[in-house]
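The values are calculated or read from the model by the stated rules, or taken from the named source; none is laboratory data. Note that the structure is predicted; figures quoted are calculated from it, not measured. Cβ atoms come from the backbone with ideal geometry, glycine included; neighbour counts cover every protein chain shown. Please note that ligands, DNA and RNA were not included when accessible areas were found on the heavy atoms of the full protein model with its side chains. Shrake-Rupley method; radii C 1.70, N 1.55, O 1.52, S 1.80 Å.
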Amino acid sequence: MTRKEPAKGGASSRPGERRSGARRSRAKGRSRLLRGLGVLAAFAVLACGGFGWVWLKLSGDIGTFSQDGVSKERPDDTGPGENILVIGSDTRSGKNKELGGGEGDIGRSDTAFLLHVYADHRHAVAVSVPRDTLVEIPRCRLPDGSWSEPQPNTMFNAAFTVGQTEKGNPACTQNTVEKLTGLRVDHTVVVDFNGFSELTSVVGGVPVCLPNDIYQRDLSPKRPTRGDLVFHEGLQKVSGQRALDYVRLRHGVGDGSDIGRIKRQQAFVSALLKKVKEKGLTPTKLLPLAEAATGSMTVDPGLGSADKMLSFGLSLKNVDLHNTKFVTVPWRYEGERVAVVQPDADRLWAALKADKPLAGTEKDKPKSGETKNGEKSPDKSAAPLTGAGITVAVRNGTTVPGLAAKAAGILGAGGFTVASTGNATDLTAATTTIGYGPGEKKSATTTAHWFPGAHLTESDTPGITVTLGRTYADDPASAPTAPQSSAPAKPVGSDARSADENPCEDLSYG
């Protein structure tokens, strides 16, 4: 196909909700965030592959999308491993509408990860890309055959909506991932969340674990009352609609962020993979799993036939749970959005391109005093500081104008989320104080590193409030700056989660 000149205005993106202030209806919340858990359903079944007759029987259920929109300006086909882009889609059509499908008739996606399968076919790493990540969306093909203009500094999930079609634009998301990572995507798989819902029922439920009780208002924050108990504290099993409710949960657990929810979803998918493995590899058990997964899949032409799917499944069947890892692209908050942290992200992409094990894998044992990437082990007592995941309010406790805005800008650059700025009730503060609510001392202590000499004070009021004192205005040494650390860079993948981990590990998920 001959590429036409880019057409201006062809692409559009949906405004993203605020990370901490958005309120969603129960149905819309399911539609936008849960179909991503169906994303790994295909991988779970493929990893158990090995029965060609199953794929022959199901090949008619697998749809394909056109490759006409894949960029001609792609990374070189280099590297010994294989990269599979998996996208969670949202549509109001079919059974998805019954489960709370997205509004309107435009295909959307808020969940995506890049699965790297190592050349030894025994290890794999899934890298999640948060939906609010600011990226450059390159030129993408529109329904009329023209090409959109590049969109710099745009939310990642906007790529799937370029062209405003019901089925979305997986080729545009693929182009965006290749632009972001510099890695060539070998295959792209799109899964809708109806497949996920069915799969959780087929396996007989998935074990999940919560640090505290969850009530109806945690699922629907607009409720005027707490409502009934939905999930009890501790280990339990969920499937179908309850599984959807669990993985959409953001409020009432952890720090309430989308990043925390990604961690929880990764833990859930790990448990789902384990359940699929436990079902065994007999044709009788594998067939309903495959039906649940493939009925909701759309793939690139390279996977669009029974023999190709079988070959792909066989290539994954020896990847065990312990060697299946989940990580999130290195990130920090940038206002209400997410920014990619460099050079950490480039180190991650370079490791995958070279097929090198991440620090969180067991592919190679490190030498004494080194990480699995051959780097010197960092001094854990001098870990680099970041404000990621911490929300603060900033108040000017003096009569000097502009102090709160200045501090807020520096804190935002340090990864903090600044909920609000303004003047304190008392404008005679001599020193800077950091007030914190119950259970927030650790975050307040981290915040204090940006304000040398600040005093910490505990109160019954939830949240963290920085009240700037006269010392901040008069003494440049007390001004907030990003704390410096002599610690080496964090090893790539050191925070990876293994698919065989206990679901009760890291209960806060953020």
Original post:
Quick one: is residue 391 closer than 16 Å to residue 470 by Cα and at pLDDT 90 or above?
Top reply: no
Original post:
Does residue 374 count as in contact with a strand residue (DSSP E or B) (Cβ under 9 Å, 6 or more places away or on another chain), open to solvent by less than 60 Å² (accessible area, probe 1.4 Å), modelled with pLDDT under 85 and not in a helix (DSSP H, G or I)?
Top reply: no
**OP:** For residue 268, work out the one condition from (1) within 19 Å of residue 131 (Cα to Cα); (2) open to solvent by 40 Å² or more (accessible area, probe 1.4 Å); (3) of a type outside the set (Gly, Ala, Ser); (4) not in a loop (DSSP other than H, G, I, E, B) it doesn't fulfil.
**Re:** (2)
**OP:** For the range 391-420, enumerate the residues that are open to solvent by 50 Å² or more (accessible area, probe 1.4 Å), assigned to a strand (DSSP E or B) and either touching a Lys or Arg at 6+ places or on another chain (Cβ under 7 Å) or farther than 17 Å from residue 431 by Cβ (or both).
**Re:** 391, 419
Subject >> Failed condition for residue 447, given (1) open to solvent by 20 Å² or more (accessible area, probe 1.4 Å); (2) within 19 Å of residue 385 (Cα to Cα); (3) β-branched (Val, Ile, Thr) >> reply: (1)
**OP:** Identify, from the list 346, 355, 364, the residue that is assigned to a loop (DSSP other than H, G, I, E, B) and at pLDDT 70 or above.
**Re:** 355
**OP:** Would you mind stating whether residue 165 is assigned to a loop (DSSP other than H, G, I, E, B) and among the hydroxyl-bearing types (Ser, Thr, Tyr)?
**Re:** yes
Original post:
Residue check, residue 493 against (1) within 28 Å of the chain's Cα centre (by Cα); (2) open to solvent by 50 Å² or more (accessible area, probe 1.4 Å); (3) at pLDDT below 85, all met but one. Which one?
Top reply: (2)
Original post:
Residue check, residue 483 against (1) closer than 23 Å to residue 330 by Cα; (2) touching a His at 6+ places or on another chain (Cβ under 9 Å); (3) modelled with pLDDT of 85 or more, all met but one. Which one?
Top reply: (3)
**OP:** Those residues that are open to solvent by 20 Å² or more (accessible area, probe 1.4 Å) and either β-branched (Val, Ile, Thr) or modelled with pLDDT of 85 or more (or both), I need them from the range 253-265; list them, please.
**Re:** 262
Original post:
Regarding residue 208, is this residue in a strand (DSSP E or B), of a type in the set (A, V, I, L, M) and under 30 Å from residue 440 (Cβ atoms)?
Top reply: yes
**OP:** Specify the residue that is nearest to residue 256 (Cα to Cα); the eligible residues are those in the range 440-465 that are in contact with a helix residue (DSSP H, G or I) (Cβ under 6 Å, 6 or more places away or on another chain) and at pLDDT below 85.
**Re:** 454
**OP:** Report, ordered by the first and then the second residue, all pairs with beta carbons closer than 8 Å, sequence separation of six or more or different chains, a first member in the range 438-460 that is farther than 16 Å from residue 417 by Cα and without any contact (Cβ under 8 Å) to a residue 60 or more places away in the chain, and a second member that is open to solvent by 50 Å² or more (accessible area, probe 1.4 Å) and of a type in the set (A, V, I, L, M, F, W, C).
**Re:** 441/456; 452/477
Original post:
If you take the residues in the range 82-117 that are part of a loop (DSSP other than H, G, I, E, B) and open to solvent by less than 20 Å² (accessible area, probe 1.4 Å), which one is modelled with the highest pLDDT?
Top reply: 107
**OP:** Within the range 222-251, count every residue that is in a loop (DSSP other than H, G, I, E, B) and surrounded by 19 or more Cβ atoms within 10 Å (Cβ to Cβ).
**Re:** 3
